[in-house]
Amino acid sequence: MEEKRLAVLSVMAEDRQEAEKINAYLSEYGEYAVGRMGIPYRERNVSVICVVLDAPPSVINALTGKIGALNGVTAKTLFGKQK
């Protein structure tokens, strides 16, 4: 089995209509989520979401890819150093 890694998934959504899909993906991978913070930045009409994940890299990459493929959404992941 693939070793788990700690990571932060950062999401910027400029299309608020994609929020339901983002939340569905986050719920689908919810067992790996340690915590989540969402900030609706109304002045710029963008939503910023940060999710801390503890999961195998393949799972984190799959989630990042699904969210990043949505219209008007950018998703990037920062992995912690392996111990």
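Only the coordinates and a few stated rules stand behind these numbers; no lab work does. As the structure is a prediction and not an experimental result, all values here were calculated from the model. Virtual Cβ from ideal backbone geometry, glycine too; neighbours counted across all protein chains shown.
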(Q) Compute the helix-to-body angle for 57-68: its Cα long axis versus the longest principal axis of the chain, expressed 0 to 90° and rounded to tens. (A) 10 degrees
Q) How high is the FRET efficiency from GLN17 to LEU78, r the C-beta distance, R0 25 Å, rounded to 0.05? A) 0.40
Q) Can you give the convex hull volume per residue for the Cα atoms of the chain, as a whole number of Å³? A) 81 Å³
Q | For the chain: relative contact order, % (alpha-carbon pairs under 8 angstrom, 6 or more apart) | A | 47 percent
**Q.** At most 11 other Cβ within 10 Å, DSSP loop - GluC sites (Glu not before Pro), the chain
**A.** GLU2, GLU3
Q. Which value in deg cm²/dmol, rounded to the nearest 500, describes the helix-derived mean residue ellipticity at 222 nm for the chain, given -39,500 (n - 2.57) per DSSP H run of n ≥ 4 and division by the residue count?
A. -8000 deg cm²/dmol
Q. For GLU3 and ARG42, what is the calculated FRET efficiency with R₀ set at 25 Å and r taken between the beta-carbons, to the nearest 0.05?
A. 0.05
Q. For region 33-78, what's the relative contact order in percent, using C-alpha pairs closer than 8 Å and at least 6 residues apart?
A. 27 percent
Q: Give the angle, between 0 and 90 degrees and rounded to the nearest 10, that separates the Cα long axis of helix 19-28 from the longest principal axis of the Cα atoms of the chain.
A: 20 degrees
Q: Would you work out the charge dipole size for the chain about its Cα centre, treating the Cβ of every Lys and Arg as +1 and the Cβ of every Asp and Glu as -1, and quote it to the nearest 20 debye?
A: 280 debye
